[in-house]
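Here's the structure, in structure tokens; my notes come after.
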């Protein structure tokens, strides 16, 4: 009985930490140029700034994208990356850059690999600041890979973007509305 009690109390009290789940490289039945152009298009549509575009080498790298800043940095970074070690101090901001590797398998087949490099700015008690690497959980990579796959397979979501209340232009009231209180016919 004592052994069971010790075993139960030895278990960590906190929830399980997420495990990295990076997407595997995907082979597309498309020519190299088509895949490269679609990857570049998806990155541009997602508003990433391209830092390096090496068409012959099959590599696209984006400039670091700062996705969070302020007091929620630590909790928001936890949604997409793991902190490698316990650090004291405050997390000030976090950013990541995307790297896409496009490789020719055969003239009609192309392999695509998406990687991200996460960093977080940590400010220590003595006011020193340092960018620290984080380990990606694979969330961003899967999102980009999914968008590329949808475009290449022609299954891109087509939907009418409905305007919300605040996006509509003002319109005069319609005077032709029916009376909500029906009138009785004369006797």
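The table for this structure:
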{"item": "Hits in segment 19-67 (condition: surrounded by 12 or more Cβ atoms within 10 Å (Cβ to Cβ), under 17 Å from the mean Cα position of the chain (by Cα) and without any contact (Cβ under 8 Å) to a residue 12 or more places away in the chain)", "result": "44"}
{"item": "Residue match in segment 135-154 (condition: surrounded by 10 or more Cβ atoms within 10 Å (Cβ to Cβ), touching a strand residue (DSSP E or B) at 6+ places or on another chain (Cβ under 9 Å), at pLDDT 65 or above and part of a strand (DSSP E or B))", "result": "yes"}
{"item": "Hits in segment 98-111 - residues which are farther than 23 Å from residue 78 by Cα and out of contact with any helix residue (DSSP H, G or I) (no Cβ under 6 Å at 6 or more places or on another chain)", "result": "101, 103, 105, 106, 107, 108, 109, 111"}
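The values are calculated or read from the model by the stated rules, or taken from the named source; none is laboratory data. No experiment lies behind these values; they were computed from the predicted model shown. A quick note on method: Cβ atoms are made from the backbone with ideal geometry, for glycine too, and the neighbour counts reach across all protein chains shown.
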